[in-house]
1. Output the residue which, of all residues in segment 230-252 that are touching a Gly at 6+ places or on another chain (Cβ under 9 Å) and in a strand (DSSP E or B), is surrounded by the fewest Cβ atoms within 10 Å (Cβ to Cβ).
2. With the structure loaded, tell me whether V198 is open to solvent by less than 10 Å² (accessible area, probe 1.4 Å), over 15 Å from N264 (Cβ atoms) and aliphatic (A, V, I, L, M) or whether it fails that test.
3. Is it the case that segment 182-196 has a residue that's in a strand (DSSP E or B), free of Cβ contacts under 8 Å to residues at least 40 places away in the same chain and of a type in the set (A, V, I, L, M)?
4. Hey, among the residues in segment 153-167 that are more than 22 Å from the chain's Cα centre (by Cα) and open to solvent by 20 Å² or more (accessible area, probe 1.4 Å), which one's nearest to E190 (Cα to Cα)?
5. Output the residues belonging to segment 33-73 that are assigned to a loop (DSSP other than H, G, I, E, B) and in contact with a Gly (Cβ under 7 Å, 6 or more places away or on another chain).
6. Do we find a residue being open to solvent by 20 Å² or more (accessible area, probe 1.4 Å), closer than 15 Å to R194 by Cα and either assigned to a loop (DSSP other than H, G, I, E, B) or among the hydroxyl-bearing types (S, T, Y) (or both) anywhere in segment 270-289?
7. Evaluate the following for G176: is it open to solvent by less than 40 Å² (accessible area, probe 1.4 Å), over 27 Å from W297 (Cβ atoms), not in a loop (DSSP other than H, G, I, E, B) and not polar (S, T, N, Q)?
8. Which number in (1) outside any strand (DSSP E or B); (2) over 30 Å from K302 (Cα atoms) marks the one condition that G138 misses?
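The values are calculated or read from the model by the stated rules, or taken from the named source; none is laboratory data. Bear in mind the structure is a predicted one, so any value in this text is a computation, not a measurement. FYI the Cβ positions are ideal-geometry reconstructions off the backbone, even for glycines, and counts take in every protein chain you see. Please note that ligands, DNA and RNA were not included when accessible areas were found on the heavy atoms of the full protein model with its side chains. Shrake-Rupley method; radii C 1.70, N 1.55, O 1.52, S 1.80 Å.
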Amino acid sequence: MKLRYILLLPTLVLCSCTATQESQKEPVYLASDFTAEGEFTSGIEGPATDADGNLYVVNFAEQGTIGKVTPDGKASLFVRLPEKSVGNGIRIDQAGQLYVADYMQHNVLKINPLTKEITVHAHNTSMNQPNDIAITSGGVLFASDPNWRESTGNLWRIDTDGRVTLLEDSMNTTNGVEVSPDEKRLYVNESISRKVWVYDLSPEGNISNKRLLTEFPDFGLDGMRCDAEGNLYITRHGKGTVAILSPSGKLLHEVILKGKKPSNITFGGPDGKTCYITLQDRGCLETFRSEYPGRSWAMRQKN
């Protein structure tokens with residue numbers, strides 16, 4: 001009887017340790033509130049995270065502003081944009097400069113985070129309304145440019161000197177745009193058609209070999225981001241979820257949010273695995289943890 005008891009004891013201890021480890025494992029893809037509801041207008045968008053973990057989100061308290069949210073969720077006014085300018089997508093380059101799509105004035109604005117000086121980085125009256133932007137490690141921008149009234153859209157490249165090049169026109173309502181971690185792919189989605197397109201991206205910023213990555217049967221598509229593994233996180237406007245796709249377009253997860261109108265997403269936190277989502281119907285940000293850090297966060301660590 002003693003021999004039998006001794007043999008069983010390690011098994012019991014092993015099971016106990018495994019259960020403890022599982023119970024301590026951090027939950028992922030579980031949404032919760034990050035900022036107080038109603039602090040931002042229904043035009044809440046952006047967002048982007050700096051090297052210190054602060055978030056920059058447009059339309060804090062009123063249209064035409066940018067709010068700054070600390071890592072513990074405290075929001076305050078960062079800057080007021082020039083008169084008649086209203087921001088949408090935000091990206092941050094490797095030097096920490098902010099780029100803001102100003103859809104009212106056909107601009108992409110540049111903001112120095114230290115001095116808060118605002119300049120026009122790019123302007124083109126042929127743009128409908130620059131909506132969301134993506135950025136490469138070298139600072140080249142790509143801007144989606146929807147015409148909501150006509151359900152059409154364009155895609156633009158903006159070089160580091162501010163020169164604007166039309167890459168494609170006659171698309172559907174272009175919205176979310178993102179670069180893959182290896183910078184060999186460019187993703188663009190269309191809100192109304194609910195299609196996600198992928199292009200080959202050259203080192204010079206040219207696109208080719210357009211093909212359909214996936215198509216959704218319902219609801220809208222809005223902002224999107226890649227994680228460091230190349231998975232694509234797409235906000236499903238009207239459905240209240242974030243769809244996570246593999247690089248081949250396979251649906252891996254769908255995160256259920258509290259709000260129904262997510263407009264964009266970014267990554268941050270100490271390890272880059274915290275996702276922050278802007279909710280237009282709630283005027284706040286929600287958050288969830290991912291298995292992988294964000295592409296932009298990982299890119300910043302290489303500097």
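1. This residue is R236.
2. The answer is yes for V198.
3. Checking segment 182-196: not a single residue is in a strand (DSSP E or B), free of Cβ contacts under 8 Å to residues at least 40 places away in the same chain and of a type in the set (A, V, I, L, M).
4. Selected residue: L166.
5. F34, T35, E37, G38, E39, D50, A51, G53, Q63, P71
6. The answer is no; no qualifying residue exists.
7. no
8. The one condition G138 does not meet is (2).
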